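Read the structure below first, then the notes.
Just so it is clear, none of the values below were taken in a lab; they were calculated from the coordinates. These numbers were taken from a predicted model, which means no experiment stands behind them. Cβ coordinates were reconstructed from backbone atoms using ideal geometry, including for glycine residues, and neighbour counts include every protein chain displayed.
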Ligand code: SF4
């Protein structure tokens, strides 16, 4: 048995997963061959302990890092995995004046920054043009207020205007398979346009953070490796990997859930392809046992950041000898903060790993006690 499998078997919270022994042994060997030290450091973005203990995870980050849509819930593309549903819970700001007002309200309520996004037109462009003066005004009035923008596809001129407006981080999904662009996104543009957009953005001073959605082709991995190659050629600040969560897929175009092992293999490939670029696992991934498995493979593959880790993940990283940092922040914050923290993470609030594991165990004990008590309450049905 490999040493890593032994370690996995020794962590109670990971018992729900049956790990592939050969895959784990392969990871151990490949990890040992990685050049440099980049894969040895891992940052976990966890909800605050208070929120953790009281199950307020979903709402806890909203006021600190709100998501704002310049089109409200409208999107022309209607991609098969989303159907514009991702935009619905966001704060609408459909005019430059509304954006200025929303940001002022959010700053007064304690926001540190925002994710600025919107629905796309038929060319997968978010039409930020009229908003640039308002964004500049926001950054001039509130220089510490961070703006992470989902740019979608851009021209060289648009990339320059985004940077000139003072946006801190630019994010876009990179798709590497033409069939996925055509079928899932309903978009008549070549894959090369995704790489060109990435090139335009990385030519500016923006911190550029491409995302790869694993399993975007109806749950299958198809263009992910090509997306990695495209990203490798342009050296962005970091890469965020997420796993498809097709809650809104139409019945006639269902999505499969990619297996944890498949996702894990891709993590390792991503690590090897981008050995010196931070590779982070974002919040979006399937819940439950699949998440436990995915998170464990993310640690074993040497990813540098995991938003909202499952139970047992931090302990695994510590036992595998990683240099572990735990930053108490919410999942929704992690969208932008995990990226912006790459520079100023040293100043972020941090807790020691032992302290984290101790508090985490105490919180779980309290939760299971509460569940036991609830279990004694008779359920009354009509
Ligand atoms: S372009 Fe973005 S918001 Fe619009 S449907 Fe596709 S994923 Fe959703």
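Using alpha-carbon positions, what is the distance between the centroids of the range 77-144 and the range 236-261, in Å?
With the range 77-144 and the range 236-261 each reduced to a Cα centre, they are spaced 24 Å.
Averaging sequence separations of C-alpha pairs under 8 Å and six or more residues apart, then dividing by the length of the range 65-207, give the relative contact order as a whole percent.
Dividing the mean separation by the residue count of the range 65-207 yields 24 percent.
Take every DSSP beta bridge with both residues inside the range 115-227 and express the antiparallel ones as a percent of the total, to the nearest 5.
15 percent
Using a Förster radius of 41 Å, what is the FRET efficiency between residue 121 and residue 16 based on their Cβ-Cβ separation? Nearest 0.05, please.
0.40
Using the number of other C-beta atoms within 10 angstrom as an exposure proxy, rank 206, 357, 320 with the fewest first.
Ordered by Cβ neighbours within 10 Å, fewest first: 357, 320, 206.
At 0.36 nm per residue, and after removing the present C-alpha to C-alpha distance, how many nm does the segment from residue 251 to residue 6 gain when stretched out fully?
The residue 251-residue 6 span can extend by a further 84.0 nm.
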